[in-house]
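Participant: This structure is in structure tokens; I'll ask about it shortly.
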Ligand SMILES: CC(C)(COP(=O)(O)OP(=O)(O)OC[C@H]1O[C@@H](n2cnc3c(N)ncnc32)[C@H](O)[C@@H]1OP(=O)(O)O)[C@@H](O)C(=O)NCCC(=O)NCCS
């Protein structure tokens, strides 16, 4: 990363994820989660899940983040979101979520739902900032026994 990029917001592009992106996405996935999805999960999502929509954030032709969602009628579920550790704190997560919200608005989605580890205050801060509210807790949701907060953003009141 260039020195001038250390604190500034980066000029990223957000576009649909392609099959060729999976290596880069999987690397970020493994660097970001204690219990990461398998590479095959991304392959399946892109090739055989009709309700899945995945997007990548690209900076200088390098994939620096991604987000996934499932759309079921007027409900969307954010399945995953991550930014490469070298590129965090530069509003890429912020931009990815704005993109998802805009995408959902265009597709008549009424509620965006997600789960987040109770310990993941960084991600929770991001979600609260974008207008998500806590609606419940799923006990022992993760394989290691941690609980998940369930959060929702309502798009049409
Ligand atoms: C959560 C994640 C996607 C945020 O991406 P990011 O690009 O670093 O975040 P941004 O720079 O866009 O910051 C957006 C907001 O997130 C919160 N945030 C980001 N970094 C933070 C930090 N170090 N401490 C506290 N809050 C933080 C803040 O609310 C911030 O808004 P602000 O800058 O106006 O204060 C990133 O930390 C990540 O990939 N984490 C690992 C994977 C993960 O936990 N995904 C969520 C699963 S539910």
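Participant: Collect the residues in region 31-51 that are loosely packed, with under 15 Cβ neighbours inside 10 Å, within 15 Å of the ligand (Cβ to nearest atom), over 18 Å from residue 127 (Cα atoms) and at pLDDT 95 or above, keeping them in residue-number order.
Facilitator: 31
Participant: Picking from 83, 137, 109, 100, which residue would you name as being more than 25 Å from residue 26 (Cβ to Cβ), at pLDDT 95 or above and crowded, with 16+ Cβ neighbours inside 10 Å? Break it down stepwise before answering.
Facilitator: Working: 83 fails: more than 25 Å from residue 26 (Cβ to Cβ); 137 fails: crowded, with 16+ Cβ neighbours inside 10 Å; 100 fails: more than 25 Å from residue 26 (Cβ to Cβ).
Matching residue, one of 83, 137, 109, 100: 109.
Participant: Quick check on my filter: what residues within region 52-78 are within 12 Å of the ligand (Cβ to nearest atom), touching a helix residue (DSSP H, G or I) at 6+ places or on another chain (Cβ under 8 Å) and more than 11 Å from residue 12 (Cβ to Cβ)? Lay out the reasoning, then the answer.
Facilitator: In the first step, residues of region 52-78 are kept if they are within 12 Å of the ligand (Cβ to nearest atom); the result is 57, 59, 64-68, 77-78.
Among the residues that remain, those that are also touching a helix residue (DSSP H, G or I) at 6+ places or on another chain (Cβ under 8 Å) are: 57, 59, 64-68, 78.
Listed by number, the residues that qualify are 66, 67, 68, 78.
Participant: Right, something else. Which residues, counting only those in region 122-155, are away from the ligand (no atom under 13 Å from the Cβ) and assigned to a helix (DSSP H, G or I)?
Facilitator: Across region 122-155, there are no qualifying residues.
Participant: What are the residues in region 86-97 that are within 29 Å of residue 143 (Cβ to Cβ) and either crowded, with 19+ Cβ neighbours inside 10 Å or more than 9 Å from the ligand (Cβ to nearest atom) (or both), if any?
Facilitator: Step one: filter region 86-97 for residues within 29 Å of residue 143 (Cβ to Cβ), giving 86-89, 92-94, 96-97.
Passing the criteria: 86, 87, 92, 93, 96, 97.
Participant: Of the conditions (1) in a helix (DSSP H, G or I); (2) within 12 Å of the ligand (Cβ to nearest atom), residue 104 fails just one. Which one is it?
Facilitator: (2)
The values are calculated or read from the model by the stated rules, or taken from the named source; none is laboratory data. Source: prediction; values computed, not measured. So basically every Cβ, Gly included, is an ideal-geometry build from the backbone, and we count neighbours across all protein chains shown.
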